[in-house]
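Taken together, the values in this text are just the output of simple stated rules run on the coordinates, not laboratory data. Everything numeric here is computed off the predicted structure, so don't read it as measured data. Heads up, the Cβs are rebuilt from the backbone with ideal geometry, glycines too, and the neighbour counts pull from every protein chain shown.
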Amino acid sequence: MKSDWQVEQEKKDWLEHAPAALPPYPKADHLLEFNVAAITSFRFFIDASSLSVGSDGVVRYVLVARSPSGAQNVSYEGIRCRGANYRLYATGRRNGTWTEARDDRWRPIGQGSADWHRALSDDYFCPRGGMIASATEGISALKRGGNRAAGGESRPTSGD
């Protein structure tokens, strides 16, 4: 088990390789729905073409959250599996462009986090605290309804 000092040192030693550019705006035919355990009327999707696994240990993706009336929130985010943190890079506009986030600090995924961050981390991108090895593995987990390493398979999404 690591000491508090070792954990803090790892945080200080880690350096994020910020994305060179924002991804293309999501297209409907690239969206993969995923299950969020919380009771919500929203549906959640990841743009498969945006999913990447960085050498810095960050899984980056475009998220689409759709309300029952069809309104959408689009965001470009990242999850760092080691330490269970997430970060917002940008939000999408209706005209298909991005606005960089004003507050882009890393935040812990925990009780105060949005349910989709916990679902993406625990069930899809960071199985058992590890990290997926590739975007292909993440896409497979999304299509299957969960990552096998996390014990999640064949969980239906709200649209099934």
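Quick one: net charge around F42, please, counting Lys, Arg +1 and Asp, Glu -1 for every other residue with C-beta under 12 Å from its C-beta. Mind dumping the intermediate values first?
On the way: positive: R43, R66; negative: E33, D115.
Value of the local net charge: 0.
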Volume per residue that the Cα convex hull of the range 42-118 spans, once the total is divided by residue count, Å³ = 103 Å³
Let me know the charge dipole size of the range 28-149 about its Cα centre in debye, to the nearest 20, where only the beta-carbon of Lys, Arg (+1) and Asp, Glu (-1) is charged.
-> 140 debye
